[in-house]
Structures are given as structure tokens and as C-alpha cells.
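Every number here is computed from the coordinates shown, using simple stated rules; none is lab data. Everything quoted here is computed from the prediction, not taken from an experiment. Note: ideal-geometry Cβ built from the backbone for every residue, glycine included; neighbour counts use all protein chains shown.
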Amino acid sequence: MPTDSLSYRDTGYFSPLICDYLDQKKELNPFYHRFPSVASLQSQAADKERHYSQESRDVLVSSLKKQYYDINISDATALNLERLSESNSFTITTGHQLNLFTGPLYFLYKIISVINLCKELSEQDTARHYIPVYWMATEDHDFDEINYFNFEGRKVQWSREDGGPVGELSTEGLEEVLELFKEQLGTSHSAESLVSLFENAYLKHDNLADATRYLGNELFGNQGLVIIDGNDCHLKRLFIPYVKRELVENVSHDKITTQTKELTSFGYPEQVHPREINLFYIKKGLRERIIKLDGMYVVNDTDLQFSESEILKELENYPERFSPNALLRPIFQEVILPNLCYIGGGGELAYWFQLKSYFDEVQVPFPVLLLRNSALIRTEKQRTKAENLGVSLPNLFLKQNELINRKIRSISNIEIDFSTQRSFLKEQFRAMQLIAEETDKSFIGAVKAQEVKQLKGLDNLESRLLRAQKRKLSDHVQRLVDLQNDIFPMQSLQERNTNFAQFYLEFGEDLIPELMEALDPLSGEFTVITL
């Protein structure tokens with residue numbers, strides 16, 4: 001299938017921090033360890049092997065097998081689970097919330113990025129095994145961020161009471177959501193496949209974690225994807241030493257605060273603000289911050305409190321009750337996985353850049369950071385429309401008003417750019433100012449005021465002429481607006497709001513293989529795919 005690309009910076013949708021990272025600006029060198037490439041990942045593997053024990057591997061494999069106990073997995077995933085026991089096996093990881101029916105398209109792009117990178121590494125380095133991992137964010141508690149997906153411009157939403165880690169939420173009530181979804185799908189073969197996928201994931205599993213694991217396995221299990229739930233007693237037992245330091249020494253707060261100040265000194269924003277204790281306390285229906293007050297460890301908005309000795313005993317007996325927040329989850333991930341690279345979106349990488357000094361302090365290898373693939377899917381019909389309208393690919397990414405104005409100026413049979421007139425007017429007023437300076441300086445202010453008035457009048461005339469041409473060329477403008485709205489729903493990147501079902505309905509089982517063929521995780525460019 002045809003693909004095009006453009007730089008992330010030229011899309012206008014990615015932050016200066018991410019664009020500067022991709023350009024390898026030297027100011028960012030202190031905030032990461034290695035820039036992504038096949039060679040750097042091979043070096044990372046050598047480092048990780050020295051720091052990751054066989055004991056950790058054994059615990060990881062045992063926990064994963066228990067998590068997969070009632071799921072029919074592919075031979076590829078089964079092989080990868082076994083390989084994780086071997087010292088020459090390493091993971092490439094991405095993570096995502098448990099969005100209903102995968103949420104936005106970039107859920108697919110994240111996982112495709114890890115799968116494709118593992119394939120590329122395995123082809124070039126046959127001495128090691130590279131295993132794709134999807135980390136389910138089961139411990140998140142913001143239900144409002146995950147309880148819906150967008151399909152053909154409409155929100156398909158799950159309404160229910162929430163509380164505690166979302167992975168433990170019952171799937172009760174999703175029958176009604178499916179009925180509403182079915183009304184929009186129609187009766188095609190692809191529609192029937194989507195209904196079956198939803199039913200088997202959500203109506204045949206009791207909680208959101210199990211449903212999401214089933215869904216991810218159905219979509220990508222044949223690629224050997226391994227899906228992990230970090231909310232696991234045995235995995236958290238490996239993390240006890242780091243949680244203990246967090247509770248007693250506040251080591252993450254001090255290191256992350258210092259590094260964040262260094263990052264923001266270059267003009268980059270703080271993505272996540274560190275707390276003195278970056279941990280939650282979780283039980284059934286509860287996930288609240290741990291706060292230290294007057295020497296006691298208090299669970300926010302509850303009556304629970306512990307002395308230092310009590311909370312350390314609680315940690316030893318019930319490590320599963322301690323949940324890392326967004327800033328501590330990366331260290332948890334890197335402790336329990338033989339991981340080389342984390343693949344995430346721009347916002348995720350932004351908070352990883354706050355963490356390297358903390359990783360150094362606790363002596364855990366900092367992973368290679370790779371921006372996930374970003375893509376725009378368009379149909380052949382949409383590509384042809386853009387060509388007929390004379391819209392280049394970079395211009396299609398412009399904000400709509402700028403796109404329209406540029407187009408009107410390019411196709412109008414009269415000149416709607418008064419730059420020449422502005423230059424002439426400014427030159428005339430410079431001459432008048434010289435005259436005023438030589439005769440009566442009290443007139444300088446009046447000359448300047450008149451210049452501002454005349455230039456503003458010229459701006460108004462240009463705007464009125466542009467509006468008049470827009471009306472005259474309204475049909476062309478409307479076709480342009482309709483095209484951009486189709487490709488950029490809600491005036492945003494398609495991948496950030498559109499669910500994969502919208503494209504699966506049209507392209508069926510070919511959709512994911514086509515995306516996998518089109519996306520190159522190390523390309524460093526935004527991809528436009530024509531299906």
C-alpha cells in the first residue's frame with residue numbers, strides 16, 4: 001500500500017521537547033542514556049544482562065504463566081513465555097491504559113511498534129531473543145479516561161460507578177454498551193467479527209484486566225505479544241527494596257525534582273510533578289495516595305495510618321497493596337522486566353526525561369526511549385480528493401483557518417497579499433518621520449500614530465477581501481473543509497480519538513497486517529498510509 005511521510009515537527013502536533021529529542025539536540029543528552037538504533041539496543045542488552053538476575057526471570061515467567069492460565073495463546077506467545085527464562089532474552093515494552101475496546105488508534109500503533117522493532121532486532125542479532133511486551137495499566141484509577149471510545153464521530157460510553165484500580169472493575173453493564181455499538185455497526189462480515197470480539201472480551205470475562213488481556217491477545221497474539229499485569233503480588237515482592245527507600249528516604253522526589261528543574265531550565269514543561277512519596281495504597285475498591293504527616297504514613301481520604309515500622313511490616317506482608325504512580329511505574333517496570341526499550345507517546349517520553357538521575361541513584365539501567373509510530377490512515381478516495389484540490393501533504397496538517405487562507409490566496413484570480421503595499425506605506429512613513437525629526441519633533445508621535453492607523457486599515461481591507469473571496473469560492477472551501485474534517489476528526493490527529501473499529505469495518509482482517517507492513521519504528525517520521 002502507498003505510504004508517505006513527513007517530519008514530526010512539520011505536522012505541528014508534537015511538542016518542541018519531542019521534536020528536539022528526535023533531532024538529538026545536545027541539550028537533552030543528560031536526560032537519556034542511549035538514542036534508539038539497532039546498535040544502541042544491542043549495547044543496552046549487554047548492560048541489562050549484567051543487572052537482571054535469573055531469580056527475577058523465574059519470578060517473571062511464573063507470574064506470567066499464572067496470568068495466562070485460562071487463555072488460549074498462540075504458539076508464538078507460548079514460545080516467548082518460555083524464552084523469557086533464558087539469559088539471552090530481552091523485552092521491548094509499551095504500556096497503555098485499559099481503554100474500552102482499545103480506545104484510540106494509537107493503542108494499535110504502540111503495540112505494532114514493539115512487535116516490528118523486535119522483528120528487526122531479531123533479524124540482525126540472532127544471538128538474542130527480543131520479545132514484545134504490552135504492559136496493562138491495571139492500577140490506574142481514572143475511570144473517566146478509559147470508559148469510552150469514538151466510533152464514526154459518536155462516543156460509545158460505559159457508565160457505572162468507579163473506584164479503586166481499573167483492572168479490578170467488574171465488566172457488568174457492558175451488555176448495554178454492546179447493544180448500542182451493534183446499532184452503529186450494521187450487518188457486514190466485518191461488523192459481525194467486531195461484535196464477536198467485543199462479546200468474547202467483555203461479556204465472557206469478569207474484570208477489565210482479563211477482558212483487555214483477551215482483547216490484546218486476539219489482536220496480536222499470533223505475533224508473539226506478551227501481555228503483563230504489574231498488579232501482581234509476586235512481581236511486587238521484587239520491588240520491595242525500592243518501595244522501602246521511597247517510603248523512608250523520599251529518594252525519587254529529591255532526584256526527580258532536581259532533574260526536572262534542569263529540564264525546565266531549557267524551556268521544556270514539567271510533565272508530571274513529583275510528590276514526596278510517589279506511591280498509592282490499594283485494596284478492593286481503593287487506590288489512594290500515601291502521605292507522611294507528623295511522622296505517620298496516612299492513606300489519603302481514609303482513616304488508615306501507619307507508623308514507619310508498621311508500614312514496612314505491611315509492605316513485607318502485603319507488597320501488592322503498594323502501587324507506584326506515573327513517576328515510579330517506570331522503575332517498577334525496569335526492575336521486573338529484562339527490558340531494553342520503552343516505546344511511548346510524546347507525553348510519556350516527556351516524563352521519562354525527568355527520571356534518569358533517579359534510575360542512576362537506585363542503580364537500575366535506564367532504557368532506550370523510542371517515540372511510538374504515529375500515523376494517519378486515509379483512503380485512496382481521500383488521497384485523490386486532496387490531489388484534485390491541489391492540497392499538499394504538509395498543508396493538509398495546517399490548522400483549518402490557515403489552510404483555507406493559504407488555499408484562497410493560491411487559487412484567487414486577484415492578489416490578496418498586501419505585503420508590497422505595507423512595505424511601501426512603511427517606507428513613506430519613515431520619510432515623514434525624518435522630516436518631523438528635522439523640523440518639529442513634537443510631530444513624531446502623530447506620524448507614528450498615523451502609520452499604525454494606516455497599517456491597521458490595510459490589514460482590515462485585506463481581511464475583508466479574503467472573506468469576500470471565501471464567499472465567492474465557498475464550494476471549493478467547503479470541499480477542502482470536508483476533506484480535512486474527515487481525516488482530522490475534531491481538528492486533531494486521527495490516532496488520538498478514532499477507534500480501530502471504524503477502519504476494521506471497511507478493511508476487515510487486512511487492517512492490522514497492512515499497518516504492520518507500513519510502520520517502521522526506527523524511521524523517525526510521521527507516516528501517512530493510503531488504504
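Each label point is 7 Å from the Cα along the Cα-to-Cβ direction; what then is the distance between the points at M296 and S309, in nm?
Label-label distance for M296 and S309, simple model: 1.7 nm.
Which distance in nm do the two modelled labels at R289 and E316 give, with both placed 7 Å along the Cα-to-Cβ direction?
2.9
Where the centroid of each part is defined by its Cα atoms, how far is region 490-531 from region 244-265 in Å?
Here the answer is 38 Å between Cα centres.
Using just the C-alpha positions of region 98-239 as equal point scatterers, what log10 of I(q)/I(0) does the Debye formula give at each q in 0.15, 0.18 1/Å?
-0.82, -1.10
Suppose R0 equals 41 Å; then what is the FRET efficiency for H234 and D486 from their Cβ-Cβ distance, rounded to the nearest 0.05? Present the calculation step by step, with values, prior to reporting the outcome.
Details: r = 48 Å, r/R0 = 1.18.
My answer for the efficiency is 0.25.
By how many nm would the segment from S423 to T379 grow when fully extended, if each residue of separation counts as 0.36 nm and the alpha-carbon distance is taken off?
Residue separation times 0.36 nm, minus the Cα-Cα distance, leaves 11.4 nm.
Along the charge dipole of the chain, which of T77, L337, T187 sits closest to the positive end, that is, farthest toward it, with unit charges on the beta carbon of Lys, Arg, Asp and Glu (+1, +1, -1, -1)?
It is T187.
Please work out how much length the chain gains when fully extended from E86 to A39, using 0.36 nm per residue of separation minus the C-alpha to C-alpha distance, in nm with one decimal. Please list the in-between numbers first.
Numbers: separation 47, 0.36 × 47 = 16.92 nm, distance 2.14 nm.
Taking E86 through A39 to full extension adds about 14.8 nm, to one decimal.
For A78 paired with K261, estimate the spin-label separation in nm (one decimal), with each label point 7 Å from Cα along the Cα-to-Cβ line.
5.6
Taking 8 Å as the Cα distance limit and 6 or more residues as the minimum spacing, I'd like the relative contact order of the chain as a percentage.
25
Note down the magnitude of the dipole of the chain about its Cα centre, charges +1 on Lys and Arg C-beta and -1 on Asp and Glu C-beta and zero elsewhere, to the nearest 20 debye. Could the numbers behind the result be given before it?
Numbers: 58 positive and 79 negative charges, 396 e Å.
Approximately 1900 debye in magnitude.
Run through every distinct alpha carbon pair of region 299-349 and return the Kirkwood hydrodynamic radius in angstroms, one decimal place.
Mean inverse Cα-Cα distance, inverted, gives 13.6 Å.
From the mean inverse distance of alpha carbon pairs (Kirkwood) and the Cα radius of gyration, derive Rg over Rh for the chain.
1.06
For the pair D142 and E199, what calculated FRET efficiency results from E = 1/(1 + (r/R0)^6), where r is the Cβ-Cβ distance and R0 = 25 Å, to the nearest 0.05?
The value I calculate is 0.45.
Once each part is reduced to its C-alpha centroid, what is the distance from region 282-338 to region 4-63 in angstrom?
The distance from the Cα centre of region 282-338 to that of region 4-63 comes to 28 Å.
Considering amide H positions built from the backbone, and no H for Pro or chain starts, which residues 5 or more places from E288, or on another chain, come under 5 Å of its amide H?
Under 5 Å from the amide H of E288: Y281.
Express in nm, to one decimal, how much length is gained between T187 and E152 on full extension, taking 0.36 nm for each residue of separation and deducting their alpha carbon distance.
11.0 nm
Check the straight Cα-Cα distances from K385 and name the aspartates and glutamates below 17 Å, setting aside those fewer than 8 residues away within the same chain.
D4, D475, D482, D486
Considering only DSSP states other than H, G, I, E and B, which chymotrypsin sites (Phe, Trp or Tyr not before Pro) in region 56-145 qualify as loop sites with at most 16 other Cβ atoms within 10 Å?
Y69
Greater than 22 Å separation of Cα atoms is the criterion. Which listed pairs, K204/K283; K426/K456; K236/K313, meet it?
Checking Cα-Cα distances, K204/K283 exceed 22 Å.
Pairing the Cα long axis of helix 189-198 with the longest principal axis of the chain, what angle in degrees results, from 0 to 90 and rounded to the nearest 10?
50
Rounded to the nearest 0.05, what FRET efficiency do D58 and V251 have when you use their Cβ-Cβ distance and R0 = 30 Å?
Efficiency for this residue pair is about 0.60.
When only alpha-carbon atoms count, how far does region 1-144 stretch along each of its three principal axes, as whole angstroms with the largest first?
46, 39, 37
What is the packing order of peptides 268-279, 350-361, 478-489, 334-345, taking the mean over residues of other C-beta atoms within 10 Å and listing the highest first?
Descending mean neighbour count gives 334-345, 350-361, 268-279, 478-489.
Can you give the calculated 222 nm mean residue ellipticity of the chain, where each DSSP H run of n ≥ 4 adds -39,500 (n - 2.57) and the sum is split over every residue, rounded to the nearest 500 deg cm²/dmol?
Rounded to the nearest 500, the figure is -15500 deg cm²/dmol.
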